[in-house]
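**Q** Could you have a look at this structure, given as structure tokens, before my questions?
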């Protein structure tokens, strides 16, 4: 079976299926993984503290997508994902720097505090990557309020670099807009 070449942007996807949070997140990761792979995106994701976004990776791979995992030493990939490229880096700073260097845009899916924290750590490295958050079931409303109240006063162009999507198609449109407009 041949794998189509990557034609789209490199997207760092922050997702988690562990802990309290949106009960739909596994199906949402599947939907997002399929869509991103079909659009030709190269997905890069973090796997830390035993948390691997398996539904996202599995769906993207089933659609012949390219996925790369940047992990800590605690990660053991499931046997079905043994052929997914994994880079193990010992420190969180190294992992976030590697992820940030690889990606042109960050995507946040509703998940857990762990994935939101990882997103913030990577974004706060100062690399200025644009972010699109899938605000399904108002998962990121608190962050939307924070961006309006706090970032507006301190981060020029925040409203162009931090976007909120209502559904997966809207997410893709915002990713493309951000990458094509050099955000």
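The values are calculated or read from the model by the stated rules, or taken from the named source; none is laboratory data. Since this is a predicted model, take the numbers as computed values, not measurements. Cβ sites come from the backbone with ideal geometry, for glycine too, and all protein chains shown count toward neighbours.
**Q** Name the residue that is surrounded by the most Cβ atoms within 10 Å (Cβ to Cβ), counting only residues in segment 152-169 that are in contact with a strand residue (DSSP E or B) (Cβ under 8 Å, 6 or more places away or on another chain) and in a helix (DSSP H, G or I).
**A** Checked segment 152-169; the qualifying residue surrounded by the most Cβ atoms within 10 Å (Cβ to Cβ) is 161.
**Q** Pairs needed: first member in segment 166-181, at negative phi; second member anywhere, at pLDDT below 95 and in a helix (DSSP H, G or I); C-beta distance under 9 Å; at least 6 residues apart or different chains.
**A** 166/136; 167/136; 168/28; 168/136; 178/160; 178/161; 181/160
**Q** Sticking with this structure for a sec: Given (1) farther than 23 Å from residue 28 by Cα; (2) assigned to a helix (DSSP H, G or I), identify the lone condition not met by residue 128.
**A** It is condition (2) that residue 128 fails.
Yes/no matrix, rows are residues, columns are (1) over 22 Å from residue 10 (Cα atoms); (2) modelled with pLDDT of 90 or more:
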site	(1), (2)
56	no, yes
59	no, yes
79	yes, yes
82	no, yes
89	no, yes
97	no, yes
103	no, yes
110	no, no
119	no, no
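**Q** Could I ask something else about it? If we keep just the residues of segment 32-82 that are surrounded by fewer than 18 Cβ atoms within 10 Å (Cβ to Cβ) and in contact (Cβ under 8 Å) with a residue 40 or more places away in the chain, which is nearest to residue 166 (Cα to Cα)?
**A** Residue satisfying both the conditions and the ranking: 39.
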